[in-house]
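Worksheet: one structure, shown below.
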Amino acid sequence: MQKPYNVLFLCTGNSARSIMAEAIMNQKGRPSFAAYSAGSHPSGTVRPEALRQLEKAHLPIQGFRSKNWDEFARPSAPKLDFVFTVCDNAANEICPVWPGQPMTAHWGVPDPAAVQGTEEQIEKAFRDAFFLLDRRINLFLSLPLSTLDGLSLKKEIDNIGRQ
């Protein structure tokens, strides 16, 4: 069996969107994919609303932590094949140089942690972010990775971020 592709989801705080994307990919993409998440300025905590959304989707919630993207730029880090930014702030920041030059794309998702309002409105924002990430990850997993050349694959991955 071919070793799994390593996927890193980046966001600023690594507290919600990137955590949910990591959980979705690790559930739906195994054994072909191993997912990780990190932030440029990690908040230090994972949002309880994100964990509740994962629980509602019957995904594991143990072991998640808010971590800095520097962990994945170290020589001891897993070799990354794909790096996806899932928020506008991280897309506009200077990213570390990733060893091995992984394929990168921006899959912007509105920040559910920024929503203010009733408990129902906040829950809806986290649910909407989860379903948008879930749809994009499903589309990504349906790509025939082994038959696409690098340029075609990059175009397809970028298109997913616009859906």
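Laboratory data are not the source of any read-out in this text; all were calculated from the coordinates shown. Source: prediction; values computed, not measured. Neighbour counts are summed over all protein chains in view; Cβ atoms, including those assigned to glycine, are modelled from backbone coordinates with ideal geometry.
Computed from the Cβ-Cβ distance with R0 of 35 Å, the FRET efficiency linking S76 to K154 stands at 0.80. Here the Gaussian network model covers the chain, with springs between Cα atoms less than 10 Å apart; of E119, E22, E49, E119 fluctuates the most.
Under 19 Å of direct C-alpha separation, and excluding same-chain neighbours fewer than eight residues apart, K67 reaches these lysines: K79.
The stretch 30-53 and the stretch 3-24 have Cα centres spaced 5 Å apart. Subtracting the Cα-Cα distance of A114 and S32 from 0.36 nm times their residue separation leaves 26.2 nm of extension gain. The angle between the Cα long axis of helix 17-28 and the main principal axis of the chain comes to about 60°, on a 0 to 90 degree scale. Seen against the Cα atoms of the chain and their longest principal axis, helix 119-141 is set at about 10 degrees.
Against the main long axis of the alpha-carbon atoms of the chain, helix 150-161 sits at an angle near 10°. For the residue pairs K3/K28; K3/K56; K56/K124, alpha carbon separations beyond 24 Å are given by K3/K56.
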